[in-house]
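Before any comments, here is the structure.
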Amino acid sequence: MLSAFLVLLGFFAGMLGALTGIGGGVLLTPILALHFGIPIRQAIGTSLVAVITTSAASSSIHLQRHTTDIRLGMTLELATSLGAAVTAYLVAYFNRNLLEGLFAGFLLYSSLTILLRRGKVKDHDEGPPTNNRETEIPAYEPQRYPLGLAASLVAGGLSGLLGIGGGPIKVPVMFIFMNVPLIVATATSNFMIGVTAAASAIVYYRRGDILIEIAAPLAVGVFLGSLLGARLAPRIHTKYVMYLLVAVMLYLAGHLFFHLFTGAGAV
């Protein structure tokens, strides 16, 4: 029964992760910590497996559609992997309350960023969805590479600390500041987050902070959900998915802050 629920949870997280380019860790880490009673470090390590699975499943489809900017992704990934590997070693020196507070703050930040990004969508990103939308990507040239590399370093650091893959930072940075179309930013982020998560997941695994019995059914659901999400991405308006994601993240952030300030059932 638990395994079936984990597969369903992974399916939902994988579908949202593939649609929005942020992986599934931003949802799975607090859910595992709050509702399954898993210590925060093990919740982070276990969710990294889901992030890797999201990237593997969705990237294959985005690469077939030529919506991934491979050169941009490989460039930014250099900084992201460095940040992820370094902070994965440092996480052992952070106390549980600090990690939970950091994650709650990050959820609030991500919610606001997503809402602001939806307010800045260009006309061509709001057009009616079509089956050939990947062919309608406008000509673009990535700008502000130094800013993108700096943001990627921070994104990698947060991935190592929080198990989120770095997507909630990289997608809005590429879209808003680097002049990359939203569909390309989402696909490129999905391409990168797997490498980012793997850089820190190795450290978590060696420390025994990845629960295989939880990660395995989650990975099955995430893989199936990511495939569906990647196939749906060109056909639907992502604003509806993003608004749902914002609502879920705000709910989880509220719960984390409640546990921190009241100490009730702290994980």
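Leaving ligands, DNA and RNA out of it, report the carbon-plus-sulfur percent of the accessible area of the range 20-96 at a 1.4 Å probe. Summing carbon and sulfur atoms, their accessible area is 65 percent of the total for the range 20-96. Ranking VAL154, VAL51 from most to least accessible surface, computed with a 1.4 Å probe over the protein chains only, gives VAL154, VAL51. Ranked by the mean number of other Cβ atoms within 10 Å of their residues, highest first, the peptides 31-37, 250-256 come out as 31-37, 250-256.
The values are calculated or read from the model by the stated rules, or taken from the named source; none is laboratory data. Predicted, not measured: the structure shown is a model, and the values here were computed from it. Note that we place each Cβ from the backbone using ideal geometry, even for glycine, and neighbour counts take in every protein chain shown. Side chains are part of the model used for accessible areas, which takes the heavy atoms of the whole protein and leaves out ligands, DNA and RNA. Shrake-Rupley method; radii C 1.70, N 1.55, O 1.52, S 1.80 Å.
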